[in-house]
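Asker: Questions regarding the structure given below will be posed in turn.
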Amino acid sequence: MDIQAAKIELAKTILETESASLIEKIQELVSNEYGLSNDQMRAIDEALAQVERGETVSHEVVNENMHKHYPKYFK
């Protein structure tokens, strides 16, 4: 199937559907250049806000904690 035929079939499917969740998923996909869901985008936005507020842990601290709690994996 060529691209034009595929687009026509997709348009028919969208026009004929009664599924609000399908329409919502299509809208999310089309409006999001990264292909992430709204929940994923919200999680990323919250993580970035935490970084801005200084609510982070350095790599060194995480590494120290990992060595302390899981020493058998760091021999």
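The values are calculated or read from the model by the stated rules, or taken from the named source; none is laboratory data. These figures come from a predicted structure and were not determined experimentally. For the accessible areas, the whole protein counts, side chains as well, though only heavy atoms, and no ligand, DNA or RNA atoms are used. Shrake-Rupley method; radii C 1.70, N 1.55, O 1.52, S 1.80 Å.
Asker: Which of the lysines could be linked to K7 by a straight reach, that is with a Cα gap under 19 Å, when you skip same-chain ones fewer than 8 residues away?
Answerer: Output for K7: K25.
Asker: How big is the Kirkwood radius of the chain, worked out from every pair of different alpha carbons and given in Å to one decimal?
Answerer: The Cα-based Kirkwood calculation yields 16.8 Å.
Asker: In the Gaussian network model of the chain, springs joining C-alpha atoms below 10 Å, which of A49, A11, A20 carries the largest mean-square fluctuation?
Answerer: A11
Asker: Would you give the gap between the C-alpha center of the stretch 1-51 and the C-alpha center of the stretch 54-75, rounded to a whole Å?
Answerer: What the calculation gives is 37 Å, centre to centre.
Asker: Rounded to the nearest percent, how much of the accessible area of the chain (1.4 Å probe, protein heavy atoms only) is carbon and sulfur?
Answerer: C and S atoms contribute 57 percent here.
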